[in-house]
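J.: Pasting a structure below so you can have a look.
The values are calculated or read from the model by the stated rules, or taken from the named source; none is laboratory data. In this text the structure is predicted, and so the values were computed from the model without any measurement. Note that each Cβ is placed from the backbone with ideal geometry, even for glycine, and that neighbours are counted across all protein chains shown.
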Amino acid sequence: MINFPYQKILIVRLSSLGDILLTTPLIRSLKKVHPTIEIHFLLREEYQDVLLHNPHISKLITIKPEDSYSKTKDILSKYKYDFVIDLQNNLRSRVLTHGLHCRKVKFKKLSWQKFLLVKFKVNMLSNALLIPKRYASVIEGLELDDEGLELYTQEKQSESLIGATNLIGFCPGSRHFTKMWPKEYFIELGKILIDNGFNIVLFGGKDDQNLCGEIKSNLSKCFNLSNDNLILQTAADMKLCKAIICNDSGLMHTASAVGIPLVAIFGSTVKEFGFFPYRCKNLVLENKSLSCRPCSHIGKSHCPKKHFNCMREIKPQFVFNSLQNFLKEK
């Protein structure tokens, strides 16, 4: 057992969907080692559903964009934490936790190494751990268990899916253009899958609704379940799918957290940044022949080289063939 002489701890990860899901192995493993500790978690209000039903967390503390620093700091100070784990490690998280009179540890972002890889293709991250393990490394001696991400949902599955079979989920959205497989490719793949006896389910949040609507309008056997960021409903419906096809996005980690096999298509980002699927059945498709990858560690609004070959050279028929082989694997 690790030496962890703390009883009430605060974990800070303000955003976003995938980043917060990636904290769940740390939370669970820490609670397993020390069942009596009280874990509080600070995050932005719009992401609270990600941890709402997590049994390892004693209290969620949420903040809104309009909340002042002083208001949140006053809330935090009254709990008298003896340990703070800052997994956000930015100016806001440092300001919010400043003044808490306890030991603090911070997540190491490896910003310089990412800069070298993106700008000069100098790879000092070849042995970098995936993000859940890097989160855990802030606590000396803590080792993660062998389980994956967690997302607890109590929602009933959508009535529109009752009786539907052979479902393949599509998550076509992402926050950045260079992380999105082309819309027309999702449509073409959908048609191939439908011709082979599958039904398509579209998943996405508020920002993905127009995109999902366009894909839906071009497919016959297709359910559009994009919604207003109802992540727990999305997670519940994902459980009915044979597999999820997605980009490098928060919904990739959502599928991972509910244990659904996933095929992830990576464009401008690479494994070295740490955000590959974690401890789940997965297949990552990427174009490794390009010298321009990665062009960003978070994604861009356009392809700097104007060819977008990191995504465009991953063709729908190739993804279909890969999916078929993937589904046959035990």
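J.: For residues in region 142-170 being surrounded by 11 or more Cβ atoms within 10 Å (Cβ to Cβ) and small (Gly, Ala, Ser), which is farthest from GLN48 (Cα to Cα)?
T.: Our first condition is that a residue be surrounded by 11 or more Cβ atoms within 10 Å (Cβ to Cβ); within region 142-170, this holds for 142-145, 147-153, 155, 157-158, 160-161, 164, 166-170.
Right, trim to small (Gly, Ala, Ser) and you get 148, 158, 160, 164, 169.
Working: GLY148: 20, SER158: 22, SER160: 26, ALA164: 31, GLY169: 24 Å.
The qualifying residue farthest from GLN48 (Cα to Cα) is ALA164.
J.: Follow-up. If you check ASP74, ASP49, which single one turns out to be modelled with pLDDT of 95 or more, more than 24 Å from PRO25 (Cα to Cα) and acidic (Asp, Glu)?
T.: ASP74
J.: OK, next. Yes or no: region 48-60 includes at least one residue that is more than 30 Å from MET252 (Cβ to Cβ), out of contact with any Phe, Trp or Tyr (no Cβ under 6 Å at 6 or more places or on another chain), surrounded by 17 or more Cβ atoms within 10 Å (Cβ to Cβ) and touching a residue at least 24 places away in the same chain (Cβ under 8 Å).
T.: The answer is no; no qualifying residue exists.
J.: For region 77-101, what are the residues that are within 20 Å of ILE27 (Cα to Cα) and either in contact (Cβ under 8 Å) with a residue 40 or more places away in the chain or hydroxyl-bearing (Ser, Thr, Tyr) (or both)?
T.: TYR79, LYS80, TYR81, ASP82, PHE83, VAL84, ILE85, ASP86, LEU87, GLN88, SER93, THR97
J.: Sort out which residues of region 247-305 are of a type in the set (S, T, N, Q), more than 26 Å from GLU329 (Cβ to Cβ) and in contact with an Asp or Glu (Cβ under 9 Å, 6 or more places away or on another chain), and write them in order of number.
T.: Taking region 247-305 first, the residues of a type in the set (S, T, N, Q) are 247, 249, 254, 256, 268-269, 282, 287, 289, 291, 296, 301.
Filter once more, keeping what is more than 26 Å from GLU329 (Cβ to Cβ): 268, 291, 296, 301.
Within region 247-305, just SER268 meets the criteria.
J.: Which residue out of LEU30, LEU10 is assigned to a strand (DSSP E or B), out of contact with any helix residue (DSSP H, G or I) (no Cβ under 6 Å at 6 or more places or on another chain) and at pLDDT 95 or above?
T.: Values: LEU30 fails: assigned to a strand (DSSP E or B).
The match here is LEU10.
J.: Scan region 213-224 and give yes if some residue there is in contact (Cβ under 8 Å) with a residue 60 or more places away in the chain and surrounded by fewer than 23 Cβ atoms within 10 Å (Cβ to Cβ), otherwise no.
T.: yes
J.: I've got another one for you. Right, THR269: at pLDDT 95 or above, in contact with a Gly (Cβ under 7 Å, 6 or more places away or on another chain) and within 30 Å of PHE107 (Cβ to Cβ) or not?
T.: So THR269 passes the test.
J.: Something else about it: Out of VAL138, VAL201, report the one residue that is surrounded by 14 or more Cβ atoms within 10 Å (Cβ to Cβ), assigned to a loop (DSSP other than H, G, I, E, B) and at pLDDT 95 or above. Walk me through it before giving the result.
T.: On the way: VAL201 fails: assigned to a loop (DSSP other than H, G, I, E, B).
VAL138 is the lone residue from the list that is surrounded by 14 or more Cβ atoms within 10 Å (Cβ to Cβ), assigned to a loop (DSSP other than H, G, I, E, B) and at pLDDT 95 or above.
J.: Could you list all residues from region 276-326 that are in a helix (DSSP H, G or I) and surrounded by 14 or more Cβ atoms within 10 Å (Cβ to Cβ)?
T.: ASN309, CYS310, MET311, ARG312, PRO316, VAL319, PHE320, SER322, LEU323, PHE326
J.: Also, quick follow-up: Checking the condition over 18 Å from the mean Cα position of the chain (by Cα), surrounded by fewer than 17 Cβ atoms within 10 Å (Cβ to Cβ) and either assigned by TED's automatic domain parsing to the domain that holds LYS106 or among the β-branched types (Val, Ile, Thr) (or both), which residue from ILE2, ILE39 passes?
T.: ILE2
J.: May I pose another question? Out of region 282-292, which residues are under 27 Å from LYS242 (Cα atoms) and touching a residue at least 24 places away in the same chain (Cβ under 8 Å)?
T.: Passing the criteria: ASN282, LEU283, LEU285, GLU286, ASN287.
J.: Only residues in region 23-45 that are farther than 13 Å from ILE61 by Cα count as the first member; pair them with residues that are of a type in the set (Gly, Ala, Ser), Cβ under 8 angstrom, at least 6 apart or cross-chain, and list the lot.
T.: THR24/ALA257; PRO25/ALA136; PRO25/GLY148; LEU26/ALA136; SER29/ALA136; GLU38/SER58
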